[in-house]
Amino acid sequence: MLRAKEVSAREVLAAHLAQIERCNPEVNAVVTLVADRAAEAAAAADERLVHGEEIGPLHGLPIAHKDTHDTAGIRTTYGSPLLADNVPARDALVVERIRSAGAITIGKTNVPEFAAGSHTVNPVFGATHNPYDLGRSAGGSSGGAAAALACGMHVLADGSDMGGSLRNPASFCNVVGLRPSPGRVPVWPTSAPWSGLSVTGPMARTVSDVGLLLSVLAGPDPRDRSALDTPGSEFAAEPPTDIRGLRVALAPDLGGRVPVDPDVRAVIDRTASVFEGLGCAVEPACPDLAGADEAFRTLRAWLFELSHSALLDEHPDALKATLRENILAGRGLTGPDVSRAHARQAALHERMREFFDRYDVLLAPVSQVPPFPVESEYPTEVAGVPMRDYIEWMGSAYLISVTGCPALSVPAGFTPGGLPVGVQMVGPYRGEAGLLRIGRAFEQATGHGLVRPAVAVPAV
């Protein structure tokens, strides 16, 4: 519509600002708004189109960036009181690419403190509420991004994912999120460009829109030497939906490695009949994930120490307890601890390669629980099994993170209480194009993602 001049960028922006004004007080997803700056950008976008100038693939589309992604001239707090007034001088690479593609920055979305944990709450802005039940969590760490998408406050979102930070909120908020293979989307700035445990990826309301944003985000950049050389253009086209003949592995509890809430498991189990109806061969199967938990926890602690140790030294009482614990765990690691984690990860990579010689996609839960009460920091038990800490309930996501395989969260249905549940589709390394095709076929067959939250729909 923008390209055909049926609507202007100014009109599109005005509609989204009105939606923010109406919905954001309920969900607290957009925490910094730059309406005047966005209006200037929208006017400039309209002028470019009128004068026949070249426009980007995201021309005129409004987006609020995750508050852990630096935005030049716009406050970026990381959810921490230590950075409550921080205004970066430069854009993070993900923001730079989105802006260069013609999108219009409207503000920033809420995150947990330094993106630690999968529940979006912090001392600066408070909690983000789930649009489908305001008493529930929107997930995290990209919880503000996901809630804003579900409510129609922006059309695309940049997320990041170490242990599920992009997939979990997508599942909780009934939107789509892709954790790409390490290197698919270059990352800058970063303290560990060689790691690959934390990646940046796209979020949207549909699989095709995720592909559109991935086409902008992917591709090499000299600032990230681990970036893949493949350009993002291969993801721009709407993926086909014929997936007949694919071999589908169903693992509703990852081979017994994670407890899963019965309501979540029921939704995941039902995906089998959908894929069978699409002409796929479905069977119970799960890769051998031995050592994944230890490898993830070790490498995560090592990264937290690397990234945040100086803050702990300078402000020992200004970080939340769980973040302090993770940094201290990293300080306690030995060389053999880290080398053993890398060895376990290498063996895991090889087993995943062999698994995807036999199967095209693995289906599993994104999250082991449906959205939990917003006042809780994290679920302390899952299906009657006590959780040892604030990340164990995310095992269904982080056990996949450490494999290095791409994973797509797609709306899969709802609990009897109306809470969203996403299915996690895992593919072979660098297999994003295939995942998008599979995800779109499932999305088109089910329509679960079309169910918008009541808070986002104007009263008649």
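The values are calculated or read from the model by the stated rules, or taken from the named source; none is laboratory data. Everything quoted here is computed from the prediction, not taken from an experiment. Cβ sites come from the backbone with ideal geometry, for glycine too, and all protein chains shown count toward neighbours. Surface accessibility is based on the protein's heavy atoms, side chains included, excluding ligands, DNA and RNA. Shrake-Rupley method; radii C 1.70, N 1.55, O 1.52, S 1.80 Å.
Of all DSSP beta bridges in the stretch 1-127, what percent run antiparallel (nearest 5)?
For the stretch 1-127, the DSSP antiparallel bridge percentage is about 55.
What translational D, rounded to a whole number of µm²/s, comes out for the stretch 372-411 from Stokes-Einstein when the hydrodynamic radius is the Kirkwood one over Cα pairs, at 37 °C and 0.692 mPa s?
279 µm²/s
Just to confirm a number: summing +1 for Lys and Arg and -1 for Asp and Glu over residues other than Ala43 whose beta-carbon lies under 12 angstrom from that of Ala43, what do you get? Please report the intermediate quantities before stating the final value.
Numbers: positive: Arg10, Arg37, Arg48; negative: Glu11, Asp36, Glu40, Asp46, Glu47.
Every neighbour counted, the sum reads -2.
Take every DSSP beta bridge with both residues inside the chain and express the antiparallel ones as a percent of the total, to the nearest 5.
The antiparallel fraction comes to roughly 75 percent.
Of the options Gly177, Leu362, Ala329, report the single residue whose Cα projects farthest towards the positive end of the charge dipole of the chain (beta-carbon charges: Lys, Arg +1; Asp, Glu -1).
Leu362
Based on DSSP H runs of at least 4 residues, each adding -39500 (n - 2.57), what is the mean residue ellipticity at 222 nm of the chain after dividing by all its residues, to the nearest 500 deg cm²/dmol?
-11500 deg cm²/dmol, from helical runs alone.
Report the paramagnetic label zone for Glu350: residues of the stretch 246-265 whose backbone N is under 19 Å from a point 7 Å from Cα along the Cα-to-Cβ axis.
Counting only backbone N, you get no residues.
Give the Kirkwood hydrodynamic radius (Å, one decimal) of the stretch 313-460, defined as one over the mean of 1/r across all pairs of different Cα atoms. Please list the in-between numbers first.
Details: mean 1/r = 0.0541 Å⁻¹.
The answer is 18.5 Å.
For the stretch 1-75, what does the accessible surface come to per residue with a 1.4 Å probe? Please give it in Å².
On a per-residue basis, the stretch 1-75 sits at 48 Å².
One quarter of the convex hull surface, Cα atoms only: what value does that give for the stretch 39-188 in nm²?
With the hull built on Cα positions only, its mean projection is 9.1 nm².
Please state, rounded to one decimal and in Å, the Kirkwood hydrodynamic radius that the chain gives when every pair of distinct Cα atoms enters the mean of 1/r. Can you show the working numbers first?
Details: mean 1/r = 0.0458 Å⁻¹.
Result for the chain stands at 21.8 Å.
Which whole-number percent gives the relative contact order of the stretch 159-270, counting Cα pairs below 8 Å spaced six or more residues apart?
About 21 percent, as a whole number.
Taking 51 Å as R0, compute the FRET efficiency from the Cβ-Cβ separation of Leu328 and Glu40 and round it to 0.05. Don't jump to the answer; show the numbers that get you there.
Numbers: r = 46 Å, r/R0 = 0.90.
About 0.65, to the nearest 0.05.
Can you tell which of Ser273, Trp302, Pro259 lies farthest toward the positive end of the dipole of the stretch 254-310, using +1 and -1 charges on the Cβ of basic and acidic side chains (Lys, Arg; Asp, Glu)?
Trp302
Post the alpha-carbon centroid distance, the stretch 168-191 to the stretch 278-298, in whole angstrom.
Spelled out, the Cα-based centre of one part sits 19 Å from the other.
Can you list the HN-Hα couplings for the stretch 138-152, worked out from phi with the Karplus curve (6.51, -1.76, 1.60; θ = phi - 60°), rounded to whole Hz and with x for Gly and Pro?
Along the stretch 138-152, the couplings run 8, x, x, 7, 8, x, x, 4, 5, 5, 5, 4, 4, 8, x Hz.
May I ask you to derive the relative contact order of the stretch 283-348, considering only C-alpha pairs under 8 Å and at least 6 residues apart, and to give it as an integer percent? Intermediate values should be presented prior to the final figure.
Working: 50 pairs, mean separation 34.2, N = 66.
So the answer I get is 52 percent.
Would you kindly state how much longer the chain becomes between Asp313 and Val87 on full extension, computed as 0.36 nm times their sequence separation minus their alpha carbon distance, in nm to one decimal?
Residue separation times 0.36 nm, minus the Cα-Cα distance, leaves 79.1 nm.
Per the 1.4 Å probe, what fraction of the accessible area of the chain, in percent, lies on carbon and sulfur atoms?
52 percent
Might you tell me the accessible area per residue for the stretch 281-368, computed with a 1.4 Å probe and given in Å²?
Here the residues of the stretch 281-368 average 45 Å² of exposed surface.
Relative to the present Cα-Cα distance, how much length would full extension add between Arg244 and Lys5 at 0.36 nm per residue of separation? Don't jump to the answer; show the numbers that get you there.
Values: separation 239, 0.36 × 239 = 86.04 nm, distance 3.86 nm.
The span from Arg244 to Lys5 would gain 82.2 nm if fully extended.
Let me know the charge dipole size of the stretch 1-119 about its Cα centre in debye, to the nearest 20, where only the beta-carbon of Lys, Arg (+1) and Asp, Glu (-1) is charged.
Charge dipole, the stretch 1-119, about its Cα centre: 140 debye, nearest 20.
How much space per residue, in cubic angstrom, does the convex hull of the C-alpha atoms of the stretch 310-373 take up?
142 Å³
Rounded to the nearest 0.05, what FRET efficiency do Ala281 and Arg452 have when you use their Cβ-Cβ distance and R0 = 60 Å?
Numbers: r = 34 Å, r/R0 = 0.56.
The calculated FRET efficiency here is 0.95.
Between His51 and Leu134, what length comes free when the chain is fully extended (0.36 nm per residue of separation minus the Cα-Cα distance, one decimal in nm)?
25.4 nm
Run the numbers on the stretch 1-137 and let me know its relative contact order in percent, using alpha-carbon pairs under 8 Å that are six or more apart.
After rounding, I find 27 percent.
So what is log10(I(q)/I(0)) for the stretch 199-295 at q = 0.14 1/Å, when the Debye sum runs over its Cα atoms only?
Treating every Cα as an identical point scatterer, log10 I(q)/I(0) equals -0.86.
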